[in-house]
Protein chains: 2
Amino acid sequence: MATRTRRSQRRTEALSRERIVEAAVELLDAAGESGLTFRALTERLATGPGAVYWHVANKDELLAAATEGVVTTALTEAAVPPEDSPQEGVRAVALGLSGAIEEHPWLATQLALQLARNPWGTVTARIFESLGRRVRALGVPESGWFTATSALLHYILGAAGQNAANATAPGTGAERAEFLGAVSAAWKDLDPDDYPFTRAVADQMREHDDREQFLAGIDFVLTGITTLHPPGAPPRTPPAGT
Amino acid sequence: MATRTRRSQRRTEALSRERIVEAAVELLDAAGESGLTFRALTERLATGPGAVYWHVANKDELLAAATEGVVTTALTEAAVPPEDSPQEGVRAVALGLSGAIEEHPWLATQLALQLARNPWGTVTARIFESLGRRVRALGVPESGWFTATSALLHYILGAAGQNAANATAPGTGAERAEFLGAVSAAWKDLDPDDYPFTRAVADQMREHDDREQFLAGIDFVLTGITTLHPPGAPPRTPPAGT
DNA sequence: ACCTGAACACCGTTCAAGT
DNA sequence: ACCTGAACACCGTTCAAGT
């Protein structure tokens with residue numbers, strides 16, 4: 001669609017880092033991680049590999065740039081709606097990222113890779129900042145800012161990573177129900193001695209709603225934060241062990 | 001070390017799926033993800049690629065098997081020490097996984113990939129079961145089991161993913177301090193308009209302890225769970241928005 | 001049933017050469 | 001300064017052939 005148009009004016013606009021990253025995102029969206037190769041990329045840009053390497057150090061840097069671009073867009077859009085509370089702001093950030101992963105299924109894997117490879121890089125910093133402002137607005141005392149924001153970040157990235165697979169198989173509600181039914185059935189077939197708990201919640205898994213589940217987890221973390229770091233007070237001791 | 005011994009008896013013990021997975025883990029431990037190639041693997045096993053493909057479908061399956069093996073070991077070991085409380089049990093599971101990632105730095109990335117690719121596969125089920133038993137012991141009413149356990153799972157995997165990089169650069173305390181100092185300095189250099197919060201917590205990030213931070217997050221989730229799902233009661237409404 | 005190993009298609013990256 | 005494109009080293013995977 002837009003491809004045809006863009007291709008016809010190919011050599012009129014000069015190659016640039018942004019053009020390259022843009023094309024990389026398009027390839028990733030269209031065919032997943034395996035769709036992004038230097039051959040596909042150079043064909044789409046009507047150039048040679050050397051030209052790409054002039055603007056980008058290597059494939060890892062290209063993937064990092066694509067990830068950051070998509071995340072930045074998602075966070076900017078998430079910031080638009082007026083928030084009634086810091087809690088809603090946190091949920092908006094989380095759902096914004098979730099939505100971005102739904103649009104770009106490759107994003108979940110890349111976020112995880114970036115996180116593991118470069119734990120405090122620019123991608124992380126962007127999300128961290130968005131969450132941190134809401135944590136501050138929550139009235140958490142300054143001493144708890146870093147800890148509380150990190151916990152939210154970790155939960156959101158972990159949950160988003162798992163829910164990514166839903167995007168890969170977008171499917172109608174029926175397909176989704178079929179998938180959940182299959183997993184639920186598989187759980188019920190697990191060894192009763194090894195997996196008593198998992199078997200017991202097989203029905204709950206079949207009936208669960210990803211978005212509801214995602215938000216419930218955020219509420220656990222938010223509740224924990226406001227309980228253990230009440231506004232204006234020093235942090236309390238964690239829940240007693242024994 | 002053990003390699004020499006094993007190599008000399010190479011053709012006496014027959015090739016098997018377990019031997020292959022074991023060798024894969026050794027290669028991953030020794031040289032990271034890029035160290036596991038079919039060429040390195042077949043050389044170590046003194047065989048050809050066809051032999052490996054007879055036991056294993058492809059590289060993805062091999063990586064999944066390596067991941068599951070290491071996770072299973074970690075969870076089995078984590079279950080050994082007697083627990084004074086369900087809370088301590090959850091912490092033991094989390095620290096067990098953390099420890100496994102420290103020993104096998106490639107594990108964090110692979111866990112993230114497995115999670116995104118096959119969200120309810122056997123690896124996830126193993127961790128889910130370990131956490132779920134403690135959630136049940138916590139007295140959470142049955143209706144909240146799935147939600148509460150999932151939230152713990154997501155937090156732990158997200159946090160473990162980020163802390164993986166520390167293992168890659170194991171380093172002494174001095175190297176670690178240098179790294180944190182560099183990140184902290186980079187945060188202070190961020191644009192004051194775009195990153196006010198991140199700049200404000202740059203010092204906290206430099207002084208933070210990964211393990212403490214990790215456990216603090218678990219306490220947030222546990223506190224949220226026991227607050228919103230008090231024993232014997234139906235779930236309460238989430239924290240008010242406005 | 002299990003293993004061998006040459007061959008294949010494809011990948012990221014380099015670099016001498018052009019403009 | 002920016003781009004070209006042939007060439008390189010390496011990868012996962014296949015498959016006809018052996019035992």
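The values are calculated or read from the model by the stated rules, or taken from the named source; none is laboratory data. Note that the structure is a prediction, hence the values are computed from the model and not measured. Every residue, glycine among them, receives a Cβ derived from its backbone with ideal geometry; neighbour counts consider all protein chains shown. Accessible surface is based on the protein model in full, side chains and every heavy atom, while ligands, DNA and RNA are left aside. Shrake-Rupley method; radii C 1.70, N 1.55, O 1.52, S 1.80 Å.
Computed quantities for the displayed model
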read-out: Any pair with Cβ under 7 angstrom, 6 or more apart, that starts in the range B:186-201 at a residue that is part of a loop (DSSP other than H, G, I, E, B) and ends at one that is of a type in the set (Val, Ile, Thr); value: B:190/B:198
read-out: Matching residues, the range A:61-87, being among the acidic types (Asp, Glu) and over 18 Å from the mean Cα position of the chain (by Cα); value: A:61, A:83, A:84
read-out: Restricting the range B:91-104 to residues that are touching a residue at least 24 places away in the same chain (Cβ under 8 Å) and buried (at least 21 other Cβ atoms within 10 Å of the Cβ), the residue that is farthest from the other protein chains (Cβ to nearest Cβ); value: B:100
read-out: Pairs, first away from every other protein chain (no Cβ under 14 Å) and at pLDDT 95 or above in the range A:41-62, second open to solvent by 70 Å² or more (accessible area, probe 1.4 Å) and within 6 Å of DNA strand C (Cβ to nearest atom), C-beta under 6 Å, six or more apart; value: A:42/A:49
read-out: Qualifying position, being open to solvent by 70 Å² or more (accessible area, probe 1.4 Å), among the hydroxyl-bearing types (Ser, Thr, Tyr) and either in contact with a helix residue (DSSP H, G or I) (Cβ under 6 Å, 6 or more places away or on another chain) or modelled with pLDDT of 95 or more (or both), among A:143, A:150; value: A:143
read-out: Selection count where residues are facing another protein chain (nearest Cβ under 8 Å) and assigned to a helix (DSSP H, G or I), scope the range B:107-134; value: 13
read-out: Extreme residue, surrounded by the fewest Cβ atoms within 10 Å (Cβ to Cβ), among residues of the range B:208-221 that are in a helix (DSSP H, G or I) and more than 9 Å from chain A (Cβ to nearest Cβ); value: B:211
read-out: Subset of the range A:52-67 (residues that are part of a helix (DSSP H, G or I) and either open to solvent by 40 Å² or more (accessible area, probe 1.4 Å) or more than 8 Å from DNA strand C (Cβ to nearest atom) (or both)); value: A:53, A:54, A:55, A:59, A:60, A:61, A:63, A:64, A:65, A:66, A:67
read-out: Any chance residue A:27 is away from DNA strand D (no atom under 16 Å from the Cβ), within 14 Å of chain B (Cβ to nearest Cβ) and either at pLDDT 95 or above or assigned to a helix (DSSP H, G or I) (or both); value: no
read-out: Test: residue in the range B:143-165 that is within 10 Å of another protein chain (Cβ to nearest Cβ) and over 23 Å from the mean Cα position of the chain (by Cα); value: yes
read-out: Positions within the range A:30-57 being within 24 Å of residue A:102 (Cα to Cα) and away from DNA strand D (no atom under 11 Å from the Cβ), in sequence order; value: A:30, A:31, A:32, A:33, A:35, A:36, A:37, A:40, A:41
